[in-house]
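> Just dropping this structure here.
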Amino acid sequence: MSDDASVDLRWSVVEPRDGVRVHGYFFFKHMFATHDAVRRMLPVFSGALPEPVHAGDSEFRLGRLIGLPAGVYMHGDGLLSLTEAVQSPDHTLDNWRELLEPQDIWVALANAVTVSASMRKPAAALLRASGALYFLAPTDESLHKLMQVVTATEEDGATLTAAEVAQRCLSSV
């Protein structure tokens, strides 16, 4: 990333989880209710905000994998791929370990891979949950597992959603 994009982000927790380093930022949703859409979705940024590139219904592909992130943002020389987690109670510093679903982690990683391949730029995986924003930094082993699932050859060659890829990654433990 370029120097002007490097900022100190206010992560509340950084902890490994299932082969992924999870950076979590926890907040009260009402604190950002009146802010613009970018600050509301990415509240960890306090200075210059990432620029929206795609919102919502944009489809990204990598081979058979179809990714549907909630949003894609330009940040420095790379992209941020934002995935929304399944509905749950607010994530907090006390309960996030119980509420953060492994399925959501793998869906976010799969979406980021499709965004990176489609846009030909590095893409970081972000996961937005109720009361939390997570940055997901996979290990080489996790990325290898994800790519094995995405590139596995099957006779029917049917497309795969990010959720289907996540389920396969979880079942290949």
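> Mind checking the angle between helix 162-171 and the chain's longest principal axis? C-alpha axes, 0 to 90 degrees, to the nearest 10.
70
> Another question, if that's okay. How far, in nm, would the chain grow between HIS144 and ALA48 when pulled straight, counting 0.36 nm per residue and subtracting the alpha carbon separation?
31.2 nm
> Something else about it: Quote the accessible area belonging to SER118 in square angstrom, nearest 10, computed with a 1.4 Å probe and with ligands, DNA and RNA left uncounted.
Here the accessible area works out near 50 Å².
> Answer with a single label: of [x] 9, 35, 34, 18, 3, 0; [y] 10, 40, 37, 12, 2, 0; [z] 8, 27, 24, 11, 8, 7, 6, 5, 3, 0, which was calculated as P(r) over Cα pairs in 10 Å bins from 0, in percent from the structure in view?
Read-out from the structure maps to [y].
> Which sequence of SER81, SER88 reflects their accessible areas, 1.4 Å probe, from the largest down?
So the residues, ranked largest to smallest area, are SER88, SER81.
> Additional query: Could you tell me how many degrees, from 0 to 90 and to the nearest 10, lie between the Cα long axis of helix 102-119 and the main elongation axis, the longest principal axis, of the Cα atoms of the chain?
The angle comes out near 80 degrees.
> Before anything else, pin down the relative contact order of the chain: Cα pairs under 8 Å, at least 6 apart, normalised by residue count, whole percent.
Rounded, it is 26 percent for the chain.
The values are calculated or read from the model by the stated rules, or taken from the named source; none is laboratory data. Since this is a predicted model, take the numbers as computed values, not measurements. Areas reflect the complete protein model, heavy atoms only, side chains present, ligands, DNA and RNA absent. Shrake-Rupley method; radii C 1.70, N 1.55, O 1.52, S 1.80 Å.
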